[in-house]
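In what follows, a structure is listed as structure tokens, so that the remarks can point back to it.
The values are calculated or read from the model by the stated rules, or taken from the named source; none is laboratory data. On a predicted model such as this, the values are computed, not experimentally measured, just so you know. Quick reminder, even Gly has a Cβ in these numbers, built from the backbone with ideal geometry, and neighbours come from all protein chains shown.
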Amino acid sequence: MNIVYLKKGKEESLKRFHPWVFSGAIHHIEGEPAEGEVVRVLTADRQFIAIGHYQIGSIAVRVLSFVDEPVDEAFWHRRLAVAYDMRRAIGVATNPLNNTYRLVHGEGDNLPGLVIDVYGRTAVVQAHSVGMHVYRQEIAHALADVMKGVIENIYYKSETTLPFKADLGQENGFILGGSADNVAMENGLNFHVDWLKGQKTGFFVDQRENRALLERYSRDRSVLNMFCYTGGFSFYAMRGGAKLVHSVDSSAKAIDLTNKNVELNFPGDPRHTAYAEDAFKYLDRMGDQYDLIILDPPAFAKHKDALRNALQGYRKLNAKAFEKIKPGGILFTFSCSQVVTKDNFRTAVFTAAAMSGRSVRILHQLTQPADHPVNIYHPEGEYLKGLVLYVE
Ligand code: SAH
């Protein structure tokens, strides 16, 4: 096996179990590992420190284990079994009203580069690293075994998540089974999952608990669900007794999905209308009829250098909501950009509130649910931030 030797002293973060080796920490590499191959990482004193997937880029190794162990099918099996046990322990995998949850959340489950979401009898596997792509068959095999009797289909969906430069010719498709049944359930509500073409693995699984909280605040309110995608927040608002719900997304496909999903849960319900329109245009032209607004935009910053613009984006967006929301209104506002910290986001929203001059109270500070765990040694894994605000 190829060996990565670190520069002197560069093992410190690995000693604290941080799961990345940056290229600048490497002294030299013995052998010529292909991208995605498993390599052993040794300190300058030739002591074993980690084993992981080699990749080309600023993160050179994504650590799979701090123990010198083979990365074989038994390894994937053990890791997936631990992940599944945890989902049963927190209840998401044992709730008869919920068959949608994240089974593997990358570093949060000690599997950097791997995401697996479960939708009923189908698991959608997504590789964010070449290493996980290379091992997809073994992973799928182990997954089928760990979840025997629960899942029957495994869909592999990595066309948009792998680095282009790797040129792997990767294809989306079923590795196991191939069911056309794509309706899944979250907290008793049904929705179609477009695992063939949808964003992420087809649904934003990470908003489950925040949607449930929104439901509790929806009674008799006029709701604007901005950036609705598949309409998740909208059908919870309807179940919560909202007076009217308007869903907005710039993508016509998202609007189709939202309409379909609302129809699945509340056929013919006149309270809901969906609009395919740009967020800023809609916020500019809308009136002041809403007293519950959700802002759940896409990640405004994918990289650190985009941070300033992203914060400006959050500020502008939230300023519009503060300007128009009815007195006594409630705003659910989110950021899913990993590089935007909780403090960054709060400052952006604070500035927007101050611009409006309104009295604003923080009711809840939201984050990702327990099936998207944060590895304590990898704080970067905390990405979803939300605030629920009462606007006087
Ligand atoms: N709230 C959703 C997830 C939102 S994902 C949920 O609970 O599932 C972000 C969405 O924003 C995408 O569907 C994307 O099409 C939409 N979007 C991106 N830019 C937009 C813009 N300028 N105006 C309106 N929608 C936009």
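All of Ala180, Ala212 fail the test of being within 17 Å of Val388 (Cα to Cα) and either touching a Phe, Trp or Tyr at 6+ places or on another chain (Cβ under 9 Å) or not β-branched (Val, Ile, Thr) (or both), apart from Ala212.
For the condition closer than 20 Å to Asn99 by Cβ, assigned to a helix (DSSP H, G or I) and more than 14 Å from the ligand (Cβ to nearest atom), Leu196 does not qualify.
So that you can scan it fast, the table gives a plain yes or no per residue for (1) more than 13 Å from the chain's Cα centre (by Cα); (2) not in a loop (DSSP other than H, G, I, E, B):
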{"position": "Trp76", "(1), (2)": "yes, yes"}
{"position": "Val82", "(1), (2)": "yes, yes"}
{"position": "Arg87", "(1), (2)": "yes, yes"}
{"position": "Gly91", "(1), (2)": "yes, no"}
{"position": "Asn95", "(1), (2)": "yes, no"}
{"position": "Ile116", "(1), (2)": "no, yes"}
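Of all residue pairs spaced 6 or more apart or on separate chains, those with beta-carbon atoms under 9 Å, a first member in the range 221-241 that is closer than 20 Å to Asn318 by Cα and assigned to a helix (DSSP H, G or I) and a second member that is within 11 Å of the ligand (Cβ to nearest atom) and acidic (Asp, Glu) are Phe233/Asp296. When the residues of the range 336-392 are filtered to those that are in contact with a Ser or Thr (Cβ under 8 Å, 6 or more places away or on another chain) and in a loop (DSSP other than H, G, I, E, B), the one that is nearest to Ala83 (Cα to Cα) is Glu382.
Thr273 falls short on exactly one of the conditions (1) under 21 Å from Phe300 (Cβ atoms); (2) assigned to a strand (DSSP E or B); (3) among the β-branched types (Val, Ile, Thr), and that condition is (1).
What do you reckon, is Ala301 modelled with pLDDT under 95, surrounded by fewer than 24 Cβ atoms within 10 Å (Cβ to Cβ) and on the phi < 0 side of the Ramachandran plot? Spelling it out, Ala301 is indeed modelled with pLDDT under 95, surrounded by fewer than 24 Cβ atoms within 10 Å (Cβ to Cβ) and on the phi < 0 side of the Ramachandran plot.
To keep it simple, each residue is scored yes or no on (1) crowded, with 17+ Cβ neighbours inside 10 Å; (2) of a type in the set (Ser, Thr, Tyr); (3) without any contact (Cβ under 8 Å) to a residue 12 or more places away in the chain; (4) at negative phi.
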{"residue": "Phe22", "(1), (2), (3), (4)": "no, no, no, yes"}
{"residue": "Phe66", "(1), (2), (3), (4)": "yes, no, no, yes"}
{"residue": "Pro70", "(1), (2), (3), (4)": "no, no, yes, yes"}
{"residue": "Glu73", "(1), (2), (3), (4)": "no, no, no, yes"}
